[in-house]
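Rule-based calculations on the coordinates, nothing more; no lab input. These figures come from a predicted structure and were not determined experimentally. Using ideal geometry, Cβ is built from the backbone for each residue, glycine included, and neighbour counts are taken over all protein chains shown.
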Amino acid sequence: MEEKISHLTTETRNPKSSELDTLSSLEIIQIMNEEDHKVAQAINQQLPNISKAVDVIVNQLNEGGRVIYFGAGTSGRLGVLDASECPPTFSSTDEFIGIIAGGDKALRVPIEGAEDSLTLCVEDLKKLNLTSKDVAIGLAASGRTPYCIGGLEYAKSLGCHTVSVTCNPNSKMSQIAEIGIDIEVGPEVLTGSTRLKSGSAQKMVLNMLSTASMVRYGKVYGNLMVDVSPTNEKLVKRAVKIVMDATGCDEVLAEKKLQEAHLKPKCAIVMIKKDCSYEDALVLLKNAKNFVREAIK
């Protein structure tokens, strides 16, 4: 039986904001702030499932797989955002990919009806040549979006690991996915506006999935983003500071080694720590599966 939208927690009215249109600016944002505090608490209840998803992602990345986020509207935009932040932060290539119902145009302009198709996501995933090595992650606050359901079912048919990130308990998507992450944030301050608490919750979970996975994939040393891509002046300065923090060297040496390492902080750190050439640093990192800590032992 099709679930009625009125039965979804994300669509019910929040009694705290029932007189929202009569409140002052300060009163409105106070309620919003109070409700936002519930997001982290709701995510805390799902940490075991989020951890399972990270473990699966790391395993598949080590097998040459990818992480494919897919969703519609706000959820889809958040997936594209998280995936697009991975290359500059971690020098990743196609490890994380985000697609949105309706295509890139939908990032700015709503594409009506795109989310209602059970086959559109299948077409999008076929264009990416989805394989059993990949991890398919469906994103939808409601947990019932046809675009995501179709994508999850197709991914399962290929033998992919599947994950769902929703904001309603016991969602339809979590019943389909291998790992269901249902973050029950409760009714929105503005009824049904899931770009609010639901969007914040999904963003926080995506932060966890990509960041924790990249840490366990060797993209971090300590808490330093040693695989950052220094593509502008700010990031070059950040890379210099990363090398200094990781090795205890001065700025002059950090800049020198960073240049010799072709602006790769990870290599520069190994070069300083092991007093070796760029070529030797590459070998050490390769043998250590790109983990700096192992390379400098």
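Structure notes:
- Taking 19 Å as the limit for the C-alpha separation, the pairs LYS264/LYS289; LYS266/LYS297; LYS234/LYS286; LYS16/LYS203; LYS274/LYS297; LYS38/LYS197 exceed it in the case of LYS234/LYS286; LYS16/LYS203.
- Of LYS203, LYS127, LYS219, the one that fluctuates the most in a GNM where the chain has Cα springs shorter than 10 Å: LYS127
- Each part reduced to its alpha carbon centroid, region 1-78 and region 191-269 end up 26 Å apart.
- Ranked by how many other beta carbons lie within 10 Å on average, peptides 97-103, 161-167 from highest: 161-167, 97-103
- DSSP beta bridge pairing in region 6-216, given as percent antiparallel to the nearest 5: 0
- Along the chain, longest interval not containing exposed GluC sites (Glu not before Pro), exposed being DSSP loop plus at most 11 other Cβ atoms within 10 Å: 113-297
- Relative contact order for region 233-295, counting Cα pairs under 8 Å that sit 6 or more residues apart, in percent: 23
- Computed from Cα positions, the angle between helix 146-158 and the longest principal axis of the chain comes to roughly 50 degrees.
- Taking Cα atoms only, the orientation of helix 197-216 departs from the longest principal axis of the chain by about 30 degrees.
- Placing +1 on the Cβ of every Lys and Arg and -1 on the Cβ of every Asp and Glu, with no other charges, gives the chain a dipole of roughly 840 debye about its Cα centre.
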